[in-house]
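One structure is given below, encoded as structure tokens.
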Amino acid sequence: MGIDDILLYDETVFKNIDAFNPDYIPENFLHRESQMEALAICLRPALRGGRPVNTVVLGSPATGKTTAINKIFNMVERNSDKVVCVYVNCQLHTTRFNIFSQIYNKIFGHMPPETGVPFSRIYGSIMKHLRDEKKALVVALDDVNYLFHSKNANKIFYDILRAHEEFKGVRTGIFAILSDIEFRYMLDKNVNSVFIPQEVIFDPYSTQEMTDILKERVKAGFYPDILSEELLSQIAEQASSAGDLRIGIDLLRVSGNFAEADASKTIEEKHVLEAMKSTGSVSLKSTLKTLSKDEKLLLKSITEFKGNNLVAGDLYRCFKRKTSSSYASFDRTLNKLEFLRIIDTRFTGKGVKGNSRIVILRFDPKEIDKCIETI
């Protein structure tokens, strides 16, 4: 089939190609019932005239955190006009002005002027509206670690959480969404004293859970009988081995594109294999972007190790030469890499002082090095 034929071909395997978009919110949100209940409990006081419970939504990438927040916010807004729910992507919005502009836009239906208006007036307009209308505010800060990179986090948290001190009766709360287990140690004391969050943990999906979720995406995105159960299982295994559901969703979309380009009415194994070659390490790269300099250095130290059975103690000695870090800092960094499912560790019971940990890389070292070089 030529290029003109591909562009003009009318038949499609896609019933709704948007079902494979990163921001798609599925009607059936599987395997996150307990987390949704926990988020609902944190929001319930705001629906009853109280303050929402500040919350840290914690989990490795692609575990449903953002989807859960958007679904619970939609549910709240369908049932009450007394809670303003604002979702902010902190990769895109990292300054006080930008974040409060998003809040302003949600409340008033338009963005504030970019010039000529001081921040204090925008801030005051938001808080006076909340006070006068007796509305609570819940702000979800997704990928909140980006606010720490820009050194704006403490001020933004303070502005939101201590608004009641200047505007009596204002009720505000924060849902901080992140994949960083070190988050709790980053806030100033005066912010920590009012934040005091509940934690809602999103554990990684199992292979079976990924299969169930991908099956729902197939139903939502493709016409019936487009993809076989065997090929779906193959895609789910690939996503599970990488520890990232997004890889599976992207493989579905790309496989469908290859089937259409091939003028095929079904997705065949060759289309899936071709998709696996082209999808590559996009998801891994997005995860590595969130790492600090020391975290990347530790990961590089792991990729440079030749042979099997990398012992944590040996890795620490190598890492210390590069950074002069304490063992406690090294241990936290290693735990974060495991939490993000970049590495695995297992105890051997053979250490001189007790259990010794073996560090196992989940990805090809060359693939990791290539991603780090291009970040």
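The values are calculated or read from the model by the stated rules, or taken from the named source; none is laboratory data. As the structure is a prediction and not an experimental result, all values here were calculated from the model. Note: ideal-geometry Cβ built from the backbone for every residue, glycine included; neighbour counts use all protein chains shown.
Name the residues in region 235-294 that are closer than 20 Å to Pro204 by Cβ and of a type in the set (Val, Ile, Thr), would you?
Of all residues in region 235-294, those closer than 20 Å to Pro204 by Cβ come to 235-252, 279, 281-291.
Matches in region 235-294: Ile235, Ile247, Ile249, Thr279, Val282, Thr287, Thr290.
When you go through Ile174, Ile213, Ile156, Ile201 one by one, which is the residue that is surrounded by fewer than 14 Cβ atoms within 10 Å (Cβ to Cβ), outside any loop (DSSP other than H, G, I, E, B) and under 25 Å from the mean Cα position of the chain (by Cα)?
After ruling out the rest, the residue left standing is Ile201.
Mind listing just one residue for me: the one in region 325-361 that is under 11 Å from Leu284 (Cβ atoms) and modelled with pLDDT under 85 and, of those, nearest to the chain's Cα centre (by Cα)?
If we take residues in region 325-361 being under 11 Å from Leu284 (Cβ atoms) and modelled with pLDDT under 85, then Leu340 is nearest to the chain's Cα centre (by Cα).
For the condition among the small types (Gly, Ala, Ser), touching a strand residue (DSSP E or B) at 6+ places or on another chain (Cβ under 8 Å) and assigned by TED's automatic domain parsing to the domain that holds Lys366, what is the one hit in Gly256, Gly313?
Details: Gly256 fails: assigned by TED's automatic domain parsing to the domain that holds Lys366.
Answer to the selection: Gly313.
Could you please find all residues in region 216-229 being surrounded by fewer than 23 Cβ atoms within 10 Å (Cβ to Cβ) and under 10 Å from Phe14 (Cβ atoms)?
Correct list: Tyr223, Ile226.
What's the number of the only condition in (1) in contact with a strand residue (DSSP E or B) (Cβ under 9 Å, 6 or more places away or on another chain); (2) under 27 Å from Leu252 (Cβ atoms); (3) not small (Gly, Ala, Ser) that Gln198 fails to meet?
All conditions are met except number (2).
Identify the residue in region 241-288 that is assigned to a loop (DSSP other than H, G, I, E, B) and more than 20 Å from the chain's Cα centre (by Cα) and, among all such residues, is surrounded by the fewest Cβ atoms within 10 Å (Cβ to Cβ). Before the answer, list the steps.
Step one: of region 241-288, the residues assigned to a loop (DSSP other than H, G, I, E, B) are 243-244, 262-268, 280-281.
Now restrict to residues that are more than 20 Å from the chain's Cα centre (by Cα): 262-268.
Working: Asp262: 15, Ala263: 11, Ser264: 16, Lys265: 14, Thr266: 14, Ile267: 26, Glu268: 17.
Among those that are assigned to a loop (DSSP other than H, G, I, E, B) and more than 20 Å from the chain's Cα centre (by Cα), it is Ala263.
Return the pairs, sorted by first residue and then second, in which the second residue is β-branched (Val, Ile, Thr) and assigned to a helix (DSSP H, G or I), the first residue lies in region 107-127 and is free of Cβ contacts under 8 Å to residues at least 24 places away in the same chain, the beta carbons are less than 6 Å apart, and the residues are 6+ apart or on different chains.
Going by the 6 Å Cβ cut-off, the qualifying pairs are Pro112/Ile122.
Scan region 41-63 and tell me whether some residue there is polar (S, T, N, Q) and more than 23 Å from Lys135 (Cβ to Cβ). Walk me through how you get there before you give the answer.
Quick first cut of region 41-63, residues polar (S, T, N, Q) only: 54-55, 60, 63.
Next, from what is left, pick out any that are more than 23 Å from Lys135 (Cβ to Cβ): 60, 63.
Within region 41-63, one or more residues are polar (S, T, N, Q) and more than 23 Å from Lys135 (Cβ to Cβ).
I'm trying to understand the selection: among the residues of region 113-153, which are among the aliphatic types (A, V, I, L, M), in a helix (DSSP H, G or I) and either surrounded by fewer than 19 Cβ atoms within 10 Å (Cβ to Cβ) or at pLDDT 90 or above (or both)?
First, the residues of region 113-153 that are among the aliphatic types (A, V, I, L, M): 117, 122, 126-127, 130, 136-141, 144, 147, 153.
Restricting the remaining residues to those that are in a helix (DSSP H, G or I) gives 122, 126-127, 130, 147, 153.
Of everything in region 113-153, those that are among the aliphatic types (A, V, I, L, M), in a helix (DSSP H, G or I) and either surrounded by fewer than 19 Cβ atoms within 10 Å (Cβ to Cβ) or at pLDDT 90 or above (or both) turn out to be Ile122, Ile126, Met127, Leu130, Ala153.
If Glu274 satisfies every condition in (1) under 29 Å from Gly59 (Cβ atoms); (2) acidic (Asp, Glu); (3) in the same structural domain as Glu11 (by TED's automatic domain parsing) but one, which is the exception?
(1)
Pairs only if they're at least six apart or on different chains, beta carbon under 9 angstrom, first in region 57-83 and in the same structural domain as Ala46 (by TED's automatic domain parsing) and of a type in the set (Asp, Glu), second at pLDDT 95 or above and crowded, with 19+ Cβ neighbours inside 10 Å; list them, first residue then second.
Qualifying pairs under 9 Å: Glu77/Val83; Glu77/Val84; Glu77/Cys85.
Report yes if Gly173 is closer than 30 Å to Ile156 by Cβ and touching a residue at least 60 places away in the same chain (Cβ under 8 Å), otherwise no.
Details: closer than 30 Å to Ile156 by Cβ: yes; touching a residue at least 60 places away in the same chain (Cβ under 8 Å): yes.
So Gly173 fits the description; yes.
Please identify the pairs in which a residue from region 137-164 that is in the same structural domain as Ser60 (by TED's automatic domain parsing) has its Cβ atom under 6 Å from the Cβ atom of a residue that is of a type in the set (Gly, Ala, Ser) and modelled with pLDDT of 90 or more, counting only partners at least 6 apart or on another chain.
Partner pairs satisfying both residue conditions: Val138/Gly173; Leu141/Ala176; Val144/Ala176; Leu147/Ala153.
I need the full set of residues from region 87-112 which are under 19 Å from the mean Cα position of the chain (by Cα), surrounded by fewer than 21 Cβ atoms within 10 Å (Cβ to Cβ) and of a type in the set (A, V, I, L, M, F, W, C), in order please.
Scanning region 87-112 gives a single hit, Leu92.
If you check every pair at least six apart or on different chains, which have Cβ atoms under 9 Å apart with a residue in region 91-103 that is over 12 Å from Tyr146 (Cα atoms) first and a residue that is exposed (fewer than 14 other Cβ atoms within 10 Å of the Cβ) and modelled with pLDDT under 90 second?
Listed by first residue and then by second, the contacts come to Phe97/Glu114; Asn98/Leu92; Ser101/Glu114.
Which of the residues spanning region 288-324 are at pLDDT 90 or above, among the small types (Gly, Ala, Ser) and under 20 Å from Ile368 (Cα atoms)?
Residues satisfying the conditions are Ser301, Ala312.
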